[in-house]
Amino acid sequence: MKILVVNPGSTSTKMAVYDDEKPILLRNITHTAEELAPFDAIIEQQDFRRQLVLDELQRSDIPLEFDAVIGRGGLVKPIAGGVYEINNQMVEDTLHGCVMHNHACNLGCLIAHEIAATIPGCRAFIADPGVVDELTPLARISGSPLMPRICIWHALNQRAIARRYARGIGREYEDLNLIICHLGGGISVAAHEHGRAIDANNALDGEGPFSPERAGSLPAADLIRLCYSGKYTEKQLLKRIAGQAGLTAHLGTNNMREILQRIKDGDEHAQLLVDAMLYHTAKQIASEAAVLCGQIDAILLTGGMAHSDYIVSELRRRIGFLAPVYTFPGEDEMEALALNALAVLQGKRQAKIYK
């Protein structure tokens, strides 16, 4: 089975070609600020990024002959985890149905759908998008009926890491209780109980620990007063929640290598802020221990920041008493997407229908 994988990010488009489980092409196409400047909204980059993927296939002498194209899922309606066949309703919701549609992950669905439509017999999928919602009824309730809790988290990578950990110890993911923390531009923490993420934070839109790019939970009354201060537009304030928030707002950069180097060079302010981020991350992880009533098989740390010995050791110092802590640096998204598509093509898993 030949599978094309498309995973758009804010400043790059990752793509891969798999022959069954074997990767035969892996590319990370970076986009400069100058290239993206002409586009007012991320969704307008669809044609530009799709053509870059097609050009890369041509340069690599890979014919446009695939059994499936799978894209990173976008911010559609909350759905259960799994593999979904892309249909017209999903495309419509990706384009028009979501309040938070200006996010690069939405391009994965659209590009996969367009490319697959040009190939006879080719199917188009997404898998475990960030809006996967398996929360318990208790987790949905907030202190205001106007604002029930939702989760937007790194579902694809977290689930892929969970399955990898389970395979490594000779167990099934569905048999384990895990707390998984994705440490990236946003930080998501989820409690996985026997194969379901029964609690997770909204890592994109203002809940949980602050991160390199996102504000996390904020004092509600102060935020309301700021909204009515007349100092900022709605668009500007939303950027202060995600994008121009977190360490970026405090230190002027989201580059963790640069920030960690500043700490090594003696920047005490940078150290205070990173330590505060880890302090709040540890609190979020510990809160998920209460969700699982302390019955935790392991805590898994993943994402780009898990490459840092300092970050991992500081988190381990604070949460190691809860359960054994294991690290899986980086992301496993490309392989996870390919294997999800392959499982459907081989009849091992049923593709779900988006409604």
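With r as the distance between the Cβ atoms of Q244 and S60 and R0 = 30 Å, compute the FRET efficiency 1/(1 + (r/R0)^6) and round to 0.05. Computed FRET efficiency for S60 and Q244 comes out at 0.25. Packing, taken as the mean count of other beta carbons within 10 Å per residue, orders the peptides 295-301, 221-227, 175-181 from highest to lowest as 175-181, 295-301, 221-227. Highest mean packing first, where packing is the average number of other Cβ atoms within 10 Å per residue, the peptides 304-315, 258-269, 32-43 line up as 304-315, 258-269, 32-43.
Computed in the context of the full set of protein chains, the accessible area of the chain at 1.4 Å probe radius has 52% of its extent on carbon or sulfur. For Q89 and D40, what does the FRET efficiency come to when R0 = 25 Å and r is the distance between their Cβ atoms, rounded to the nearest 0.05? Working from the Cβ atoms, E equals 0.45. Taken along the Cα-to-beta-carbon direction at a fixed 7 Å, the label points for K235 and L138 span 4.3 nm. Reported to the nearest whole Å, the Cα centre-to-centre distance from segment 35-67 to segment 225-276 is 32. Rounding to the nearest 10 and keeping the result within 0 to 90°, find how far the Cα-based axis of helix 309-319 lies from the longest principal axis of the chain. It is inclined by approximately 60 degrees.
Against the main long axis of the alpha-carbon atoms of the chain, helix 268-291 sits at an angle near 80°.
When the charge dipole of segment 257-322 is built from unit charges on Cβ atoms (+1 for Lys and Arg, -1 for Asp and Glu) and taken about the Cα centre, the candidate among T302, G320, M277 whose Cα reaches farthest toward its positive end is G320. Accessible area per residue for the chain, computed on protein heavy atoms with a 1.4 Å probe, is 48 Å².
Does segment 1-88 come out rounded, prolate or oblate, given a ≥ b ≥ c as the square roots of the eigenvalues of its C-alpha gyration tensor, rounded meaning a/c under 1.5 and, failing that, prolate meaning a/b above b/c? Here segment 1-88 falls in the oblate category. Once the Cα atoms are used to define both axes, helix 46-59 deviates from the longest principal axis of the chain by about 60 degrees.
Label segment 73-201 by shape, choosing from rounded, prolate and oblate, from the square roots a ≥ b ≥ c of the eigenvalues of the Cα gyration tensor; if a/c is under 1.5 it is rounded, and otherwise prolate applies when a/b is larger than b/c, oblate when it is not. Judged from the Cα gyration tensor, segment 73-201 comes out oblate (a/c at least 1.5, b/c at or above a/b). Out of these labelled values of P(r) over Cα pairs in 20 Å bins from 0, in percent, [x] 29, 60, 11; [y] 31, 55, 14, 0; [z] 31, 61, 8, which was calculated from the coordinates shown here? Step by step, P(r) over Cα pairs in 20 Å bins from 0, in percent for this structure corresponds to label [x].
Highest average first, the peptides 15-27, 275-287 ordered by how many other beta carbon atoms sit within 10 Å of their residues are 275-287, 15-27. The lysine pair tally for the chain, using Cα distances under 23 Å and a gap of 8 or more places or different chains, is 11.
The values are calculated or read from the model by the stated rules, or taken from the named source; none is laboratory data. This one's a predicted model, so the numbers in the text were calculated from it and none came from an experiment. When we count neighbours, we look across all protein chains shown, and the Cβ atoms used for this are built from the backbone with ideal geometry, even at glycine. Calculation scope for accessible area: heavy atoms of the full protein, side chains included, ligands and nucleic acids excluded. Shrake-Rupley method; radii C 1.70, N 1.55, O 1.52, S 1.80 Å.
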